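One structure below.
Readers should treat all values here as calculations from the given coordinates under stated rules, not as data from a laboratory. Please read these numbers as outputs of a predicted model, since none were measured by experiment. A quick note on method: Cβ atoms are made from the backbone with ideal geometry, for glycine too, and the neighbour counts reach across all protein chains shown.
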Ligand SMILES: Cc1ncc(COP(=O)(O)O)c(C=O)c1O
């Protein structure tokens, strides 16, 4: 059930050339040159996106015209600042199809995941009383992640398991870079082929999602392979056993229509800085009843109702999770970024980037270049529920070049003004899965052009010759 | 020469392709030895380095008898270990410490090299890394092997501190 319409673009329509020129003109940084006057080709948007002028202006305007402490003080500025801050919450909620009260400001996705994991730990310690009992985990319980996770959606769950005695298990990744769901549920008869468990007892019989599963945390889109996870299938399986779902939507929200209510996840996180917005702010979505029941993690000023020397009652969510002075100007800038994307239309953004993904994937035609992740852009089928018809991968393409280390690949591209990411992209287990230490990754955003991808492919084609690798 | 060519000097590419000292070798029982594993967490480059130290006789200085290593990573990190292996082999420990300090100075020179050319000559092939020092993100790569050497010398008991 959607409470707010997601996206405004006509379905399947991409940008016209003139529209794309106009979009690029909105991003001042794209006009600069690098490395002795070379035009910048920015293909590192999966790490962080560039920001449109309207986001910069909104932040400056907040400081120049509205700056004041929010949610306190009765003066005119305090009112205006609070209004801007809460309006931004609406703008972000509208981007992802949730109610406004279900959006909690966080410093970023990483902090959002830690908030949920640590909140669960506090519930396990008895905080939050009866209402929070549903969150408790302990020995014998299982937390399920995937082998494809960003460290930010892996380490907090390892920590939760270590602190509570629960067992961490994971969905393995297949050779095609997609999640291998063959062992997801016991009903199918097959148990997890290679599915992992920290204290693996071999073929336990139960599927990866079983009666003991309490939490299933996974990325909507992998920041390495660009593959879209089968959210509907995983959510349905988790629901059958009453497990909580936590979606890392960092790499989906900036690039495709995302309707969190329709997806049916319990929690989700994403970061403004990857979504055309400022650094220092992100959002945690939680279904209202869950946010009401989850104990707070950071406590102190602003998140309280009544404080006595003996104890404290907490404000209702989302404020309960927003202790201390918030990143107000950044949140307001995030709101502007969300509106900017909605005005472009997430359908159009998605269609534009699907074209770029196809162009990026053509690097596989270059001798010695191997893509890590799905080789083509397909379309999600009916079993994808609300995502049916959307592309099954995004325009983030990781690759290796035979005989040349990723770092050296990145350096040669940089010399041509082309910015790509090199390393393990905060996903060491996934790289280990493919037996490689590092990859290079090219990733696109709303402002990326086919022309830029062509320049990238041409520069990449010269890399092996430069290093004499033939 | 472009900045890129200054960085990837032929000497560096050659060392990366045909590294010196690669493959760990056993150390004589009557020598001191130390081993160190270093990683660059941002890119996953790693090196395991073993140093073989010949204790000083009759009050003479201890010397590096040999260096052997295993590693994987970018051409800069691998070539740097290789060049270093050549440079420090058979040198007394105080000279190794001086070369280490010189190489660190070179890496801090932002592409300018060292002022004193005579001193720079002492670094031999390692001066080829001058171009690397223009790229802050790559300096760590060039220093990985040197960090492993310093640590393994401390572990061998031959050198006292690891600052
Ligand atoms: C899939 C994924 N999850 C989590 C994160 C962490 O986001 P942040 O660093 O903004 O907290 C990232 C960003 O690198 C990401 O790509």
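Across segment B:1-113, Cα pairs under 8 Å and at least six residues apart give a relative contact order of 26 percent.
Looking at segment A:63-341, the DSSP beta bridges with both ends there are about 50 percent antiparallel. Contact order for chain A, expressed relative to its length and based on alpha carbon pairs under 8 Å spaced 6+ residues apart, stands at 23 percent.
Mind jotting down the distance between the C-alpha centroids of segment A:235-272 and segment A:278-316, whole Å? Centre-to-centre distance over Cα atoms comes out at 21 Å.
Panel order for A:371, B:25, A:253, by other beta carbons found within 10 Å of each beta carbon, from fewest to most: B:25, A:371, A:253. Comparing B:72, B:38, B:91 in a Gaussian network model of chain B (Cα springs below 10 Å), the most mobile by mean-square fluctuation is B:72. Taking one quarter of the surface of the convex hull spanned by the alpha-carbon atoms of the protein assembly as shown gives a direction-averaged projected area of 33.8 nm². When a/c is below 1.5 the answer is rounded, else prolate if a/b is larger than b/c, else oblate, so apply that to segment A:215-308 with a ≥ b ≥ c taken from the square roots of the Cα gyration tensor eigenvalues. Cα axes put segment A:215-308 in the oblate bin. Shape annotation for segment A:63-341: C-alpha extents along the principal axes are 65, 47, 26 Å, from largest to smallest.
Extension gain for residue A:298-residue A:239 works out to 18.4 nm (0.36 nm per residue, less the C-alpha to C-alpha distance). Annotation: the antiparallel percentage among DSSP beta bridges lying fully within chain A is about 60. Full extension of the chain between residue B:91 and residue B:116 yields a length gain of 6.9 nm, computed as 0.36 nm times the residue separation minus the alpha carbon distance.
Label-to-label distance for residue A:78 and residue A:100 is 2.0 nm, based on points extended 7 Å past Cα in the beta-carbon direction. Quick one: check the C-alpha center-to-center distance for segment B:50-67 versus segment A:439-470, whole angstrom. One Cα centre to the other: 48 Å. Annotation: the residues B:35, A:19, sorted from fewest to most other C-beta atoms within 10 Å of their own C-beta, follow the order A:19, B:35.
Ordered by the number of other Cβ atoms lying within 10 Å of each residue's own Cβ, fewest first, A:85, A:334 fall into the sequence A:85, A:334.
Between residue A:364 and residue A:451, the modelled label-to-label distance comes to 2.8 nm, taking each label 7 Å out from Cα in the direction of the beta carbon.
Rounded to the nearest 500, the 222 nm mean residue ellipticity of chain A from helices alone is -9500 deg cm²/dmol, with -39,500 (n - 2.57) taken per DSSP H run of at least 4 residues. Note on residue A:133 and residue B:30: their simple-model spin labels are 7.6 nm apart, each label 7 Å out from Cα toward Cβ.
The stretch between residue A:305 and residue A:461, if pulled fully straight at 0.36 nm per residue, gains 50.0 nm over its current Cα-Cα span. Share of pairwise Cα-Cα distances greater than 24 Å in segment B:3-156 is 28 percent (whole percent).
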